[in-house]
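The values are calculated or read from the model by the stated rules, or taken from the named source; none is laboratory data. These numbers were taken from a predicted model, which means no experiment stands behind them. Positions of Cβ are generated from backbone atoms using ideal geometry, with glycine treated the same way; all protein chains shown enter the neighbour counts. What goes into the accessible areas is simple: the full protein's heavy atoms, side chains included, and nothing from ligands, DNA or RNA. Shrake-Rupley method; radii C 1.70, N 1.55, O 1.52, S 1.80 Å.
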Amino acid sequence: MFKHTFVWLAVCALGTMSCQAKPSDKTTTAAATPAAKTADNAAIMARKQVPVVCYHQIRDWKSTDSKNAKDYIIQIAAFKEHIKMLADSGYHTILPDQLYAYLTTGAPLPKKPIMLTFDDTDLDQFTIANPTLKKYGFKAVYFVMTVSLGRPHYMTTDMVKKLSDEGNVIASHTWDHHRVDKYSHNSELKIIGKNGKITTRPVDDWVTQIDKPTKKLEEITGKKIDYFAYPFGIWKKPVLPELQKKGFKIAFQLADKRDPDYPLMTVRRILDSGYWSTQTFGKSVKNSF
Ligand SMILES: [Zn+2]
């Protein structure tokens, strides 16, 4: 989580753009459109949830890591043990298309299904997580924040393409990790010129954070991008119809309750905390869904 702040600052530090694109007064809450298929939603809500696990950084702790940060940093040996435990316990990784088919039509899933997801484009997801998963024939979902591509400690576009080519799913995680509930169609981008002069131009956060990054990922992978994860896991009801209109099949949050009107836009995940033993992780996978 802490790293998101870092990214934000890093963007600001580049001096070309301000991160303080403020939603204007005209911010509208999307009219609560009645969910189109109530019966389907009830059926989706009634199905047993599939465990979905969320990872960020996979690396050993440093003395500078804060207490809170460690929830989001799983140490390398622990990660390898957790994944081995899943394999030894007979779990099978599934991908979002399988989850979508299961939730919407009841399509069968393999025995002991689980989905593994990785947020924020961290380099160790490519160097540590991917080879570990390959040992067990596991596939995963990578939620890429496009501003980070090619920066130090983050994946490059070639790495993202390779993960996709190897049968993993690349999914959308905004441009620079701004919260979805803060988006406005009438936002302002501050541009700081070389002489320090600040000018502004109107922007639509939904285009900057959703449309453009999703298109970029489609260009990189050559595949349609159908899935999304909320930065910080944060969402509010008015954003759900907007995301559905953008064409996402599933939007993944963290562990809050699902919205019964938009169960596909609020699919739950748990963090595999850096503090968890393999046993605690195993119990949480069983009991949280
Ligand atoms: Zn994130």
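Considering only protein heavy atoms and a probe of 1.4 Å, how much of the accessible area of the chain is carbon and sulfur, as a whole percent?
On the chain, the fraction of accessible area on carbon and sulfur atoms equals 57 percent.
Under 10 Å, Cα contacts only: if you run a Gaussian network model on the chain, which one of Asp88, Asp119, Asp158 comes out with the highest mean-square fluctuation?
With Cα springs under 10 Å in the chain, the top fluctuation among Asp88, Asp119, Asp158 is at Asp88.
So which of Lys84/Lys111; Lys161/Lys212; Lys190/Lys223; Lys112/Lys135; Lys84/Lys216; Lys190/Lys245 end up more than 26 Å apart, counting from Cα to Cα?
The answer is Lys190/Lys223; Lys84/Lys216; Lys190/Lys245.
Rolling a 1.4 angstrom probe over the protein chains, ignoring ligands and nucleic acids, what is the accessible area of Arg179 in square angstrom, nearest 10?
80 Å²
Where does the Debye-calculated log10 I(q)/I(0) of segment 3-287 sit at q = 0.09, 0.12, 0.14, 0.15 Å⁻¹, using only Cα point scatterers of equal weight, no solvent?
Those come out to -0.44, -0.78, -1.06, -1.21, one per q.
Give me the net charge of Ala129's neighbourhood, meaning all other residues with Cβ under 15 Å from the Cβ of Ala129; Lys, Arg count +1, Asp, Glu -1.
Once all neighbours under 15 Å are counted, the net charge is -1.
Provide the packing ranking of 231-244, 127-140, i.e. peptides ordered by the mean count of other C-beta atoms within 10 Å per residue, highest first.
231-244, 127-140
Around Ile225, under 14 Å between beta carbons, what's the net of Lys plus Arg minus Asp minus Glu among the other residues?
Value of the local net charge: +3.
Among Tyr275, Tyr262, Tyr227, which one shows the highest mean-square fluctuation when the chain is modelled as a Gaussian network with alpha-carbon springs under 10 Å?
Tyr275
For segment 100-198, what Kirkwood radius comes out of the mean inverse Cα-Cα distance, in Å?
16.1 Å
Rolling a 1.4 Å sphere over the protein heavy atoms, what is the accessible area per residue of the chain, to the nearest Å²?
48 Å²
So, counting K/R as plus one and D/E as minus one, what does the shell of residues with Cβ under 11 Å around Glu166 add up to?
+3
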